[in-house]
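Step one of this worksheet: look at the structure below.
The values are calculated or read from the model by the stated rules, or taken from the named source; none is laboratory data. Here the structure is a predicted model, which means the values were calculated and not measured. In this analysis, Cβ positions are derived from the backbone assuming ideal geometry, glycine residues included, and neighbour counts consider all displayed protein chains.
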Amino acid sequence: MDQNTMQRLAADLGDLELITDSTALQRYSKDFSWFSPVLTEALEGKRADAIVRPTSEEQVRRVAAACYRHRVPLTLRGSGTGNYGQCTPLRGGVLMDMSGLNKVLWIADGVARVQAGARLVDIDNAAREKGWELRLLPSTYRLATAGGFFCGGFGGIGSITYGSIGDPGNVLGVRAMSLAEQPEVAEFRSAEARDLYHAYGVNGVITELEFALTPAMNWQEAVLSFPSFMEGVRFCQTLGRATGVIKKLLTLLADPLPQMCGLGKDVGEGRAAVLCLVNRAALEAVEEIAANFNGRIERQQDNAEVYGTAKSLVEHTWNHTTLHILRKHKDITYLQSGFRPWENVEKVEQMYRHFGDEVMMHLEFLKADGAVTCSGLQVIRYTTEERLNQIIQYHRDNGVHVSNPHTYILEDGGKLSVDPGQLAMKQRLDPAGLLNPGKMRSWDEKGAAA
């Protein structure tokens, strides 16, 4: 952004400060894309020209109008806990930190209405005071915001019961703003709201969200170990299907991942680990099912006593598993895969046998279309980008879906195709194409064709 544009933008924003400090620009333009050596290289040097930190929807409106008026790119940021460079501006411009819109607006009848910058831990705590809790939490819940989770996340703690954050019924509605001379705000419900889901903020500025809740439970955390990985797989599949056991988390780590991520005191070398959250009354059933697969409970603790701290077993699940391993092992990266419910056990074993120690199995069990299956967050011993792509292609050639975490392009990541609903929403709310430009290929191709 040239100096004249910066000055005109600042004049339009009035008392809303434009931050141009180089240290702040560097920090706020990054997320956890350093998990990927491919993205680390691709995003090197990409950063905003200025940061703005609104604290109200009216201030967001002023930013949206000013950026539209001066044709300045606008990228949104929650807490920067995404993994794909979602908040990294590819073409400079303004980065809008949404964390100042952090109010829990109301909680009633199993629903929470919140501002986009509200942290998930704060929403969950507020819900618990009224006897409810969030259905889904990413492992980054202590920092992650409501808007960031919806626009850049997928699932997490709770997915074994409620699937992904984008499944119908989990997010009931969103309030979103357009980029225009006179920005408009609209409420989107159900299917329309999901057109803004997992879109990295490229097709609308979300200011509020409405989450469905679930009755609060007394959760118990447990670490179990199994002599072999496949015994752990079959245990998780069986426990996942056990209708009498109320579950919130079911994670499986193949050897040597428990030792690599900090669970070596609980799980001996050569054994697979399962981490679970179940209601307290279900522990006997968990122990009984584990024994059928030669497993045993190694440690248990009350989730309420460690909730929101690094002592919770949640710290070793979902993307936090990779985070802990990367702190000690710099030569690894990861994968994101999805296994179809009718063949997940068979396909998991095939991938496990084929790749061995090169692709170490980390599975998160979840519901997909009502059936129990698993997603992989496999830990890969990284050598070259060429080899990484070969690993991805082998999975795809053998019927395992891969949501590539080594790209910032929407269509190349999860869906592998154009999402007509997302594209139509961008046309409606961002016709000038200023929101997080460069992340939606179908929009760029549409513009080039015109």
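Listed values, structure above:
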quantity: Options ALA290, ALA285: the member that is surrounded by fewer than 20 Cβ atoms within 10 Å (Cβ to Cβ), among the small types (Gly, Ala, Ser) and in the same structural domain as ALA368 (by TED's automatic domain parsing); calculated: ALA285
quantity: Where a residue in region 194-205 is without any contact (Cβ under 8 Å) to a residue 60 or more places away in the chain and its partner, wherever it lies, is buried (at least 24 other Cβ atoms within 10 Å of the Cβ) and outside any loop (DSSP other than H, G, I, E, B), with Cβ under 7 Å and at least six apart; calculated: TYR197/PHE150
quantity: Residue within region 224-246 that is more than 26 Å from the chain's Cα centre (by Cα) and either assigned by TED's automatic domain parsing to the domain that holds ALA126 or without any contact (Cβ under 8 Å) to a residue 12 or more places away in the chain (or both) present; calculated: yes
quantity: Selected residue (only one of VAL314, VAL278, VAL267, VAL274 is crowded, with 22+ Cβ neighbours inside 10 Å, part of a helix (DSSP H, G or I) and at pLDDT 95 or above); calculated: VAL314
quantity: Selection from region 37-56 of residues that are in a loop (DSSP other than H, G, I, E, B) and touching a strand residue (DSSP E or B) at 6+ places or on another chain (Cβ under 6 Å); calculated: ALA48, ARG53
